[in-house]
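Everything on this sheet refers to the single structure shown next.
The values are calculated or read from the model by the stated rules, or taken from the named source; none is laboratory data. Remember, it's a predicted structure, so these values are computed and weren't measured experimentally. Quick reminder, even Gly has a Cβ in these numbers, built from the backbone with ideal geometry, and neighbours come from all protein chains shown. For the accessible areas, the whole protein counts, side chains as well, though only heavy atoms, and no ligand, DNA or RNA atoms are used. Shrake-Rupley method; radii C 1.70, N 1.55, O 1.52, S 1.80 Å.
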Amino acid sequence: MSGRWIEQWDPEDETFWKGGGEKIARRNLLLSVLSEHIGFSIWTLWSVMVLFMGPKYGVDPAGKFFLISMATLVGAIARVPYTFAVARFGGRNWTIVSALLLLVPTIAAYAVMKPGTSYTTFMVVAALAGVGGGNFASSMTNINSFFPLRKKGWALGLNAGGGNIGVPVVQLVGLLVIGTAGATHPRLLLGIYIPLIVVAAACAALRMDNLATVKNDTGAAWDAARDRHTWIMSFLYVGTFGSFIGYSFAFGLVLQTQFGRTPLQAASLTFIGPLLGSLIRPVGGLLADRHGGARITLWTYAAMSAATAVVIYASVQKSLGIFLVGFIALFVLSGLGNGSTFKMIPGIFHAKALAQGMTGEEAAVYGRRLSGASMGLIGAVGALGGLAINLAFRQSFQTAGTGTAAFVSFLVFYAACFAVTWAVYLRGSRTPVPATATPQLSYAKV
C-alpha cells in the first residue's frame with residue numbers, strides 16, 4: 001500500500017476520539033469537501049453551458065434538457081463504482097484520482113464549446129461531466145468511516161452541503177462571465193476551473209489519509225442490496241436529492257423557456273436556489289441528530305408538497321415572482337431533506353442491530369458495515385431522480401410549452417414520499433412496549 005495509511009481507527013472510543021482522532025477526521029472532512037465541491041461544479045457544468053448556447057448553436061430547448069440529462073445519468077451510474085473505490089484504493093488515493101478525472105470533461109468542453117459542433121459531440125462531452133457526480137459517493141463513503149455515529153448527521157451533512165455548494169458556485173462564475181464578457185465566451189468559465197481541479201488533487205495528496213480498516217465487503221454490499229430499507233431510502237432520496245440536483249440542472253432553462261429570460265437574467269437567478277439548498281443541508285443533518293431523521297423528513301415532504309402547489313399556481317398564472325418564491329422554497333426544503341434522509345441510513349441499520357440483540361461496538365460495527373455499503377446505491381438511485389426531473393421537464397415543454405404538467409407529477413411523488421416515511425418509519429412509534437416484550441425494531445429516532 002502506498003500513501004498515508006492509518007492502521008487503527010475507532011471513532012466510537014471517546015478516548016481515541018478526543019486524543020487525536022477528531023482532529024484527523026476534521027482535516028479529512030475539510031479536504032473532502034473541497035474535492036467534492038469542485039466535483040459538483042463539473043457535474044452541473046452543463047446547466048451553465050446551455051445558457052451560452054444561443055441560436056448559432058442550433059439546439060432547441062428540448063435538446064438542451066436532453067444534454068443536461070446525459071450528465072445527470074452518467075453521474076448517477078458513476079456513484080456505484082465510486083462507492084467501492086474508497087476501500088479498494090484508499091480514501092486519500094481515490095480523492096486524488098477522482099479529482100484529476102475532472103480534467104477530462106473540462107478540457108473536452110473547452111475544445112468543443114463553439115457554434116458548428118455537432119449535437120452528438122455535445123452529448124458525449126456532457127456525458128463525460130458525469131464523473132463529477134461520482135465524487136459524492138466516494139466522499140460520503142469515506143467520511144462515513146471517519147466519524148462516530150453520534151456525529152454522522154453533522155459530518156455527512158457538512159460534507160454533502162459543502163459539495164452541493166459547488167452547484168451555485170459554478171452558476172455564479174457563469175453569471176460573472178456572462179455579465180462581464182458576454183454569452184459568447186464559455187471558455188473563460190472552463191479556464192477558471194482547470195487550475196482549481198489541480199489544486200484540489202494536490203491538497204488531497206498532501207493532507208488526506210487512507211483508513212486501512214475500511215475494506216470492501218461484498219457480503220455487506222449483497223446484504224444491503226437485499227435489505228428493503230436500502231430501496232425504501234433510495235425512494236425517499238429520489239425525492240430530496242433527486243429534486244435538488246434535477247432542479248439545479250433545469251432552473252436556468254425553465255426561466256429561459258417558460259418566462260423568456262435572457263441568459264444574463266437567467267444566470268442572475270439560477271444560483272439562488274442551489275446556494276440556499278446547499279447551505280441548509282448540514283442543518284437538516286443537525287436537526288435529524290436531535291429530533292430524528294424520519295420526523296424531519298416527514299415534515300419536509302409535507303412542506304415540499306405545499307411549495308410545489310405554489311409553483312403550479314404560478315406556472316398557470318405565468319407569475320414569475322410567485323414562481324421564484326415557490327421554486328426557491330423547493331430548493332431549501334430539498335436541501336433540508338437531503339441532510340435528514342442521509343442521517344437516517346446509519347441510524348436504520350444501527351436500530352436493526354439493536355433489535356437483533358447486538359450491543360455496544362458490535363451494533364456499531366454492524367451499522368457502519370451495512371450503512372456504508374448501502375450509501376453508494378442509495379446515492380446512485382437518488383441521483384437518477386434528477387434525470388427523471390429533467391426528462392419530465394423536456395416532455396412537458398415539448399408537448400405543452402410549459403412546465404406545469406411536470407410540476408403536477410412532482411407533487412404526486414412528494415405526497416407518496418410523505419406516506420412512505422410515515423408508514424415505514426413513524427407509524428406506531430409512540431406505542432409503548434412492555435419491558436418484558438421481545439425487542440421491537442423502532443425507527444422513531446433514526
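Would you confirm whether or not the stretch 4-22 contains a residue that is in a helix (DSSP H, G or I), open to solvent by less than 10 Å² (accessible area, probe 1.4 Å) and within 29 Å of ALA155 (Cα to Cα)? Yes; the residues of the stretch 4-22 include at least one that is in a helix (DSSP H, G or I), open to solvent by less than 10 Å² (accessible area, probe 1.4 Å) and within 29 Å of ALA155 (Cα to Cα). Condition check for GLY357 on (1) in contact (Cβ under 8 Å) with a residue 60 or more places away in the chain; (2) in contact with a helix residue (DSSP H, G or I) (Cβ under 7 Å, 6 or more places away or on another chain); (3) not in a helix (DSSP H, G or I): one failure, at (2).
Before we move on, is LYS318 among the basic types (Lys, Arg) and crowded, with 18+ Cβ neighbours inside 10 Å? No: the conditions fail for LYS318.
Of the residues PRO168, PRO148, only one is surrounded by fewer than 21 Cβ atoms within 10 Å (Cβ to Cβ), at pLDDT below 95 and within 23 Å of the chain's Cα centre (by Cα); which?
Numbers: PRO168 fails: surrounded by fewer than 21 Cβ atoms within 10 Å (Cβ to Cβ).
The conditions single out PRO148.
The residue list ALA111, ALA99, ALA78 contains one member that is buried (at least 23 other Cβ atoms within 10 Å of the Cβ) and at pLDDT 95 or above, which is ALA99. Every residue in the stretch 151-164 that is over 9 Å from GLU36 (Cα atoms) and more than 10 Å from the chain's Cα centre (by Cα), please. Scanning the stretch 151-164 gives LYS151, LYS152, GLY153, TRP154, ALA155, LEU156, GLY157, LEU158.
For the stretch 400-446, a residue qualifies if it is open to solvent by 40 Å² or more (accessible area, probe 1.4 Å), at pLDDT below 90 and of a type in the set (Val, Ile, Thr), and the qualifying residues are THR431, VAL433, THR436, THR438. Among the residues of the stretch 89-97, not a single one is of a type in the set (Val, Ile, Thr), assigned to a helix (DSSP H, G or I) and over 27 Å from CYS203 (Cβ atoms). Against the numbered list (1) crowded, with 22+ Cβ neighbours inside 10 Å; (2) under 22 Å from ASN142 (Cβ atoms); (3) of a type outside the set (Lys, Arg), VAL365 comes up short only at (1).
Counting just the residues of the stretch 368-386 that are under 19 Å from the mean Cα position of the chain (by Cα) and open to solvent by 30 Å² or more (accessible area, probe 1.4 Å), which one comes out farthest from ILE232 (Cα to Cα)?
Residue satisfying both the conditions and the ranking: LEU384.
Residues of the stretch 283-303 that are at pLDDT 90 or above and β-branched (Val, Ile, Thr): ILE296, THR297, THR300. In the set GLY385, GLY379, only one residue is in contact with a Gly (Cβ under 8 Å, 6 or more places away or on another chain) and touching a residue at least 12 places away in the same chain (Cβ under 8 Å); that residue is GLY385.
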